[in-house]
Structure formats: C-alpha cells, structure tokens
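Derivation of every value follows stated rules applied to the coordinates shown; laboratory data play no part. Owing to the predicted nature of the structure, the values given are computational and were not obtained by experimental measurement. Neighbour counts run over all protein chains shown; Cβ positions are idealised from the backbone, glycine included.
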Amino acid sequence: MKERTNVKVAIQKFGNALSSMILPNIGAFLAFGIVTALFIPTGWLPNKQLAELVSPFITYLLPLLIGYSGGKLLYGHRGGVVGAIATAGIIVGTDIPMFLGAMIMGPLSGYLIKKFDQLIAGKIKTGFEMLVDNFSAGILGAILAIIGFLAFGPVVDVLSGGLSAGVEWLVGMGLLPLASLFIEPGKILFLNNAINHGVLTPVGLEQVRQTGRSVLFLLEANPGPGMGVLMAYCFFGKGNAKKSAPGAAVIHFLGGIHEIYFPYVLMKPQLIIATILGGMSGVFTLVTLHGGLVGPASPGSIIAVLMVTPKSLPVFLANIADVLVAFTVSFLVSSFILRLDKSEAGDLDEATRKMEALKGKKSSVSNVLTYNAGQIPTDAKKIVFACDAGMGSSAMGASLLRKKIKAAGLDIYVTHSAISSIPKDAEIVVTQAGLTPRAKDQAPDAYHVSVDNFLDNQAYDDLVNHLLSQREAHELNNETAESDENVLNDKLVLNPENVILNRHFSNKEEAIRFTGQALVDAGYVNPSYIDGMIARDADMSTYMGNEIAIPHGTEATKAEVLHSGVIIVQVPEGVSFDGNTVRLIFGIAGKNNSHLNILSKIAVACSDIINVRKMVKAGSADELLKIINDSMKEKV
C-alpha cells in the first residue's frame, strides 16, 4: 500500500511539473490556435500574409516559452533564461516543433545553473558577482544549446515521432476511444492537466502542423462527460449535491473548470463508469466524423472548444456531436446509477475532502481557513489568490473573494496568479491547503491563508470578517487609551448577567431570535433589531468556524442600537447553522465602535478550539468569562 501511494505521489509530481510548463503559457497557445483558425488557407478569414505568423509561433515562440517556464520552475528568472538558451539549440537542431525537448531542457537547465550557484556560493570576490552570474549563465546556456543541437534534438525528434506514430496507430486501428479508460479516472486523480498539457498537447500540435487539426485536443478537454454527471445530479441527486449541481454545471461547461465535478463522482464512485463510457462515445464520434481542433482548448469549456475549431462546417458539427454524444451517454448512465441508489444523500463536503486527499492535500480541522501564526495585516492593500496555473480555481476564488471584499467596504485589491508568479507586493496570499508550502516559498514575507474548498463562501466570509475585525480594532486602539482589563470588565459591553448557559434550540432562526431578544431585554437594542439579525445571517452566514456564530444586525438596523453590548449563549448540544454545528453564540450590538475591542478579544479566545470547548463546558458565567480573560493574558 505504501509503495502504491509513493508511486501515485511521484506520478502527481511529474504530472504537475509537465503541466506547470504549459499552463502559464496557455495564452500563447490560444493565440497560436486563433491565428491558425483564422488565417491559414482553410481558416475562417484566409490571409496569406498573416498566415506567416503560424510557423514562427509553433517553431520558436511556444518551445522557447516552455523552456523558459521549465527553467524558471527550478531556479526563477535565472533558470528560465538558461532554459530558453538551451531550448534554442534543440529548436535549430530539428525540423519539428520541440515541445517535448523544451520540457526536458528547461528544467534540466534550471537544475544545473542552480547547482552551479550553490557550488560557488561564498567563493566569489566582492564586486565580481554580476560578472560571474552573467558569464556562468551564458557559458552553461551555450554548452547546453550545442549539446541540444548536436545530440538532444535528434533524440527528441525520434521520441516525438514515436508518440505521434503511436497515436496514429490507435486512430488507424480504431482504438483511440480506449484512451478514455485512462484519461477519465486520471482526471479524478487530478492528473487532468498532466495528461492534457503534458502529453496530448505537444503531440497534438505536431499533428496540427501536419494535418491542420488534431483530435487529441478534445480527449481530455471535452466537457461532455462531466456535464452529464452534473446534470444527472440536477434531476436525480439528493441533498446539497442536488442543490449545488446546477451552479457547478454552469461553471464546468462555460467556465471550463473540470475539477468542480470531481467531488460529485467521488460521492458515488460508480459514476466513473459514466464518465468513461461518455468519453469513449465522444472520442468514437470525433474520430468517425473526422473532427478536431487547431489548438488546445484551455480551460476545457464549450466556448474554448468552439474558438479553436477550424473553419469547416463538417468539423464544426463533428466537434459539437462529440460533446453532445459524450454528454448524453454520461447523463443516461449517471441517471441510471443515481436512480438505483437508495442510500442517504451524499456528503459533498466529505467528497471534496476526498478529492483534496487525492491531490495530496490535507484538510484543516475547521474545514474553513487555516491561518499563519500572528495577525492579519491591518492595512493590507493586496490579496493574491494563487493556484498551480493561475487561471482556474484561483481566478474563481479571487472573483468570489473580490465581491465580498467590495461588499464589506474594504479598499483591498484582489487578484489571482500562478504559484510561481505570486507578485512580490502581495500582502495576503490565499491558496488551497496543499499548495500553501509552495506559496510560502515563493512569497515568504506575505501572510498566508489556506482554504480547503475554493468555492466555499464561508471561507471567504471568515477571511473578510477577520480583516474587518483586525482593521476596526486597530482603528479603535488608535482612538482610545483604555487598558485591556478595563475593556474586559466594562459593564456596558460584557458582564456575567449577559452570559446564558445550557440552552437548546431546534434551528438557527430560533437561536438568533432568542439571542436578539436577550439584547432587547438587556436594553442594548430596539426589538426591530432582531429582524436585522435574521436578515444579516440570510445575506451572509454568521457562522465563524470553531463551533461559534456571531449574529448581528445589518447596516440598515444600526439606528436600532441603543448601547453597545454582547450576549453569550451556551448551547452544549449544538444547533445547526447551515450544516455547521454551533455551540457558542455571541449576539452583538455595536454603537460608535465601542464594542470592537471586546469583539477582538472574543475572536482571539475563540480562535483556539480548546478554549471554545472549555467555554461550552463552563458551569457558570464567571467561569466562562475567566476563560476569555485567561486566553488574553496568555496572548499578551
């Protein structure tokens, strides 16, 4: 079992390395595909002069970008430069596009220049560093280029020809549909990018050079099989899987983010049969009708597929038929499997965690956010959401987070990037859990946040609330000289009479209304404030993680606050807040920001699940408040 796991990890690392050289340059590949589709003699807008761009794109630009990216992965810009120089040698040494050669020479060059620098570290006299850096890169790059020209290029030429011949053999024997037996399960193991961009894209581009199009670009990128699974869940799914499937289908089909359907397959592993049969049917249709694309469709959305379809009505119809047949077969098989299933509603969150485990990731205890030690920057101006490629999950996560940052009134710029290209001025970096160590290496001075599920709105709500709490507490500390002890004992904000123990609620609305009424009874708010608390939770969940919730009013109900106050309600048996168990409720009413310091103290105390569990077991109000006081003293 251990050996099998090690092999899987090794394959994942190798696949990630291959795809990481292609994905940062997808824009260039799409540019090549668009120019080819438009201007070649059989294109949509034939133009002999502009068609001359095609050959330099595929012969020089794309291999050089791959070689640079491969070197950069190993040793930054310096490795990238040497990788590009070495790639130039194999480009000139052969007559075919050197994609595979660039994938080898790029990382090899980065590795060698890195080892050279380590070897001479501390041995160069002051003032000669730049001279040595430039000459060493130039000399090593020239040597590798010569080796590539004389020996390496011809070897890769033979290898590339062998792969192309193998693919042609599969096509000629009618066996290409069998590739789905490996591609579809490989996608669920998060090898989709490695399969598509590491193997199929380079060979496919060689076929484009020879025949004008390639079926290989649609083997992995076809959105049909995944769409069939998601639509089956829309009609025959159960629970939160059925509710979330329509949104996931839109993101998958139009956005091209295939990873979004993986958890749905993991919930019902039998559905892998549906994706395999759908993929095989689609490939059979594609080969039979002679379809294909002029470039990689990335991300794998129907929009990208249509954009790189050549100007030919039969080919256009063949590609559409490929997607429709794959979708139909996958939908019918998935529907059959789901309708036969008599088990309880699947747990989508658990399936997501399984998917992340297959990626080599580790879920956090709270399944929301895991923060660095220390405090989030109070004056942060830039948040970067990073992923492997910088164009899939990171773009979507950044979009969701950007909307919430704007809604919260925070003046923070949110963008996305690849892990290898995180901007140096990034102050907060958000990544999926398994990528955080790489992000820390790339941006060691940034504050890093790990999120398990890039579509988890609660995770972004939690981050926004942390930012608000930190910033408001910082502003308040600049305005007041009151000591922490005085604030903690301020009767207007928190006192033992405001702690309510051993309550039971059947649902979250009942819990929020009870907490709101306690604020009313204590003289902190008018009764209409309670409806604002309900509205606030409906608009954005007040569950904060670690089994606590902080319900409070909306902006419109601020006028209903008479005095600042906090009510603490202990719920030992727990109450569900949208599927999350809450055992401590902090009802908040704030006037003129006078409650923010105590709110910050509560946040610090509750950030440790051990403290939360102690407060849940507390037998008296004084005991519960002592836990908050003691946690603050430990923090100081």
### Query
Counting Lys +1, Arg +1, Asp -1, Glu -1, what net charge surrounds Arg613 among other residues with beta carbon under 12 Å of its beta carbon?
+1
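At a 10 angstrom cut-off on C-beta neighbours, averaged per residue, how do the peptides 524-531, 310-317, 571-578 rank from highest to lowest?
Details: 524-531: 19.8, 310-317: 15.2, 571-578: 16.8.
Sorting 524-531, 310-317, 571-578 by mean packing, highest first, produces 524-531, 571-578, 310-317.
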### Query
Once you sort the root eigenvalues of the Cα gyration tensor of the stretch 251-311 as a ≥ b ≥ c, which label holds: rounded (a/c under 1.5), prolate (a/b larger than b/c) or oblate (the other case)?
oblate
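Which of Lys404/Lys591; Lys508/Lys558; Lys187/Lys403; Lys187/Lys311 have a Cα-Cα distance over 25 Å?
On the way: Lys404/Lys591 23 Å; Lys508/Lys558 22 Å; Lys187/Lys403 30 Å; Lys187/Lys311 30 Å.
Check vs 25 Å cut-off fails for Lys187/Lys403; Lys187/Lys311.
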### Summary
Expressed in nanometres to one decimal, the distance between label points 7 Å along Cα→Cβ at Asn526 and Leu313 is 7.0 nm
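With a Förster radius of 35 Å, plug the Cβ-Cβ distance of Leu324 and Leu45 into 1/(1 + (r/R0)^6) and report the FRET value to the nearest 0.05. Provide the component values of the computation, followed by the final result.
Numbers: r = 27 Å, r/R0 = 0.78.
It comes out at approximately 0.80.
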### Query
Under 16 Å from the 7 Å Cα→Cβ point of Glu52, by amide nitrogen: which residues of the stretch 72-103?
none
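Take the residue pairs Lys381/Lys617; Lys72/Lys381; Lys268/Lys406 and return only those whose Cα atoms are more than 32 Å apart. Before the final figure, lay out each step's value.
Details: Lys381/Lys617 40 Å; Lys72/Lys381 28 Å; Lys268/Lys406 38 Å.
Going by Cα-Cα distance, Lys381/Lys617; Lys268/Lys406 fall outside the 32 Å limit.
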